[in-house]
Every structure is written in structure tokens, then in C-alpha cells.
Amino acid sequence: MELKMRGGEGDLFLGRCFPDNSFWVMGSAAAVSVSFYLDLDHYSLGQIERIREGKDVQLTVIPRLIVEIQGQLNTRQSLQTSFGHRLPKSDWVEKILSQIGYKDAYLFEIPKLPNGQFQEVSNNLNSAWRQFMMGEYDKVLTDCRKTLEALATQVRTRGFEKDLADDKGKRPVPDWKKFLGNEDLGDIIGNIYQKAYGFTTPGAHAGRSINREDADMSLMVTHGIVQFVVRKLIDQS
């Protein structure tokens, strides 16, 4: 029996599954339960994670059988069929992967952004998640930075803007105090935004490679800021 995984880049051949027994003798209208086993190494599991992109595991199962009627000549036939099977991502991540020691993680839900007026913000953030699933951690930070820039534009274009003077001259930035209607909260959110944006810039990681922990940090903080600000923008519209 062959096992394939369906993904956005096409099918990934996972390997051939082997049964616990090679021969079965069945009576008329009888049923038999068969267990199949598949060996997966660390590389194969990594490929599954890359193609899965944080979604359910979509499998195509292709069993092949040779059957014959016992005691009768010329009755042997070769049969093949296929069917799909879906493994929920919660079972795959929290049960299967953790049990085989590939990784130990708990799944948590992250609300999706509304489309339409926040399309650029949503597209950049979705891209950051895809890059994370593929292990492209430096690109995660780039997409997070683009997300924060697009978010700041959304705030500024709604009139919550002020000029900031620094060594680079004057430039327009979000007026977080005006946007939130609270001076203390505006200071807090403004500082969080600025620090998060600084963390996603290449200069913050000069001299070392960007790893999974960096990408984790960028994604969690960026998503938190985006959810907070977007909900406030929706409430004000």
C-alpha cells in the first residue's frame, strides 16, 4: 500500500506501508481488520510539516491487492483503489508528533484578520506564518516588519498621525495616544510597537543567524499587536 500527502505544491510520496500479515484467508461475506506500518525518518516528517503549512494532514491511500478464489484455477486478480483520509492538525501535532518524539507542542487558535480594508496587513501576516512553517525564519521577520508597516499606515490614514523629529528629520508616525484616547495606554502600545518593529529589523540580529526562537517572538508579538489595533479600528469605524 502506498501513502501520499496532498499539499499546495502537489503530492508528496511518503512511502510504502507494510501489513502485519501478508496473506489472509477469508470466508464468504467475511471481514478482516488489517494494520499497516510506515517508517518515517526525521527528514520525511520535516517534509510533511513543510507541505502541511499548519493545516490538517491530507492523505491519499492507495492499496493494492492480489486476490484469488481458493481451489479454483485462473481466478487470481490484481486490484487497486485509492481513497482520501484527513488527519486533524490537533491530532497530528499534539498526539502523533509528540508520541514519536518529533516535537512536543500544543496547538492554539489564532483568530484570522478580516479581509477587505486590512488586506495588505492580512496578506503579510499570513505570509509570515507560511515562511515559519517552511523554516524560512529570516523571511518571517521580514514579513512581520511589512505587517507592522502596513498596520501603521492603516492607523495614520484614519487621521491618527503626528510628525516625529529625529536624526533622520521629520517623518509621519501613528499617534497612539490620540488613537487610543488614553495617554498612558498610548505610551505603552507605542513602545511595544516600536520595540517589535526594531526586533524585526536585520540590524537587531547582526552577527548571528536568525533562528526559530526569533521567528516565534516576532510572530507572537506582531500578531498580538495586529489583533489589538485592528479590533480598535473596527470599533471606531
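For a footprinting-style exposure proxy, rank VAL93, VAL140 by other Cβ within 10 Å, fewest first. Please list the in-between numbers first.
Numbers: VAL93 21, VAL140 28.
Listing VAL93, VAL140 from fewest to most nearby Cβ atoms yields VAL93, VAL140.
Between 0 and 90 degrees, rounded to the nearest ten: what's the tilt of helix 42-52 against the longest Cα principal axis of the chain?
In the chain, helix 42-52 runs at an angle near 60 degrees to the longest axis.
Modelled label-to-label distance, LYS89 and ARG130, 7 Å Cα→beta-carbon offset: nm?
Placing both labels 7 Å along Cα→Cβ, they lie 1.4 nm apart.
For a footprinting-style exposure proxy, rank GLU94, GLU213 by other Cβ within 10 Å, fewest first.
Values: GLU94 15, GLU213 9.
Ascending Cβ contact count within 10 Å gives the list GLU213, GLU94.
Between LEU45 and ILE188, how high is the FRET efficiency from 1/(1 + (r/R0)^6) when r is the Cβ-Cβ distance and R₀ = 41 Å? Nearest 0.05. Provide the component values of the computation, followed by the final result.
Numbers: r = 41 Å, r/R0 = 1.00.
After rounding, the FRET efficiency stands at 0.50.
Pick from PHE18, PHE160, PHE199: which is most flexible by mean-square fluctuation in a GNM of the chain where alpha carbon atoms under 10 Å apart are linked?
PHE18
Using only Cα atoms and rounding to the nearest 10 degrees, what angle (0 to 90) does helix 137-156 make with the longest principal axis of the chain?
With rounding to tens, the tilt is 50 degrees.
Around GLY7, which amide H atoms from residues at least 5 apart in sequence, or from another chain, sit under 5 Å from its own amide H, with H modelled in the peptide plane?
Those qualifying (amide H under 5 Å, at least 5 residues apart or on another chain) are LEU12.
Dipole of the range 173-237, Cα-centred, from +1 at each Lys and Arg C-beta and -1 at each Asp and Glu C-beta, to the nearest 20 debye? Walk me through the numbers before you get to the answer.
Numbers: 7 positive and 8 negative charges, 27 e Å.
Using only the charged Cβ atoms, the result is roughly 140 debye.
Placing +1 at every Lys and Arg Cβ and -1 at every Asp and Glu Cβ, with all other atoms neutral, what dipole size does the range 116-236 have around its Cα centre, in debye to the nearest 20? Display every interim value, and only then the final one.
Details: 17 positive and 17 negative charges, 43 e Å.
Using Cβ point charges on Lys, Arg, Asp and Glu, the range 116-236 gives about 200 debye.
Taking 0.36 nm per residue of sequence separation and subtracting the Cα-Cα distance, how much length would be gained by fully extending the chain between TYR37 and ARG231, in nm to one decimal? Please report the intermediate quantities before stating the final value.
Working: separation 194, 0.36 × 194 = 69.84 nm, distance 4.77 nm.
Working it through step by step, the gained length comes to 65.1 nm.
VAL67 to ARG158: extension gain in nm, 0.36 nm per residue of separation minus the Cα-Cα distance? All intermediate terms of the calculation are to be shown ahead of the outcome.
Details: separation 91, 0.36 × 91 = 32.76 nm, distance 7.09 nm.
Extending this stretch completely gives an extra 25.7 nm.
Can you tell me which of 122-131, 203-212 comes out highest on packing, and rank the rest after it, using the mean Cβ neighbours within 10 Å?
Working: 122-131: 19.2, 203-212: 10.1.
Ranked by mean Cβ neighbours within 10 Å, highest first: 122-131, 203-212.
Between ASN211 and ILE96, what length comes free when the chain is fully extended (0.36 nm per residue of separation minus the Cα-Cα distance, one decimal in nm)? The partial results should precede the final answer.
Working: separation 115, 0.36 × 115 = 41.40 nm, distance 2.48 nm.
Between ASN211 and ILE96, full extension yields an extra 38.9 nm.
Just so you know, all these numbers are worked out from the coordinates, no wet-lab data involved. Keep in mind the model is a prediction, meaning the values are calculated, not measured. Counting neighbours? That spans all protein chains shown, and the Cβs are built from the backbone with ideal geometry, glycine included.
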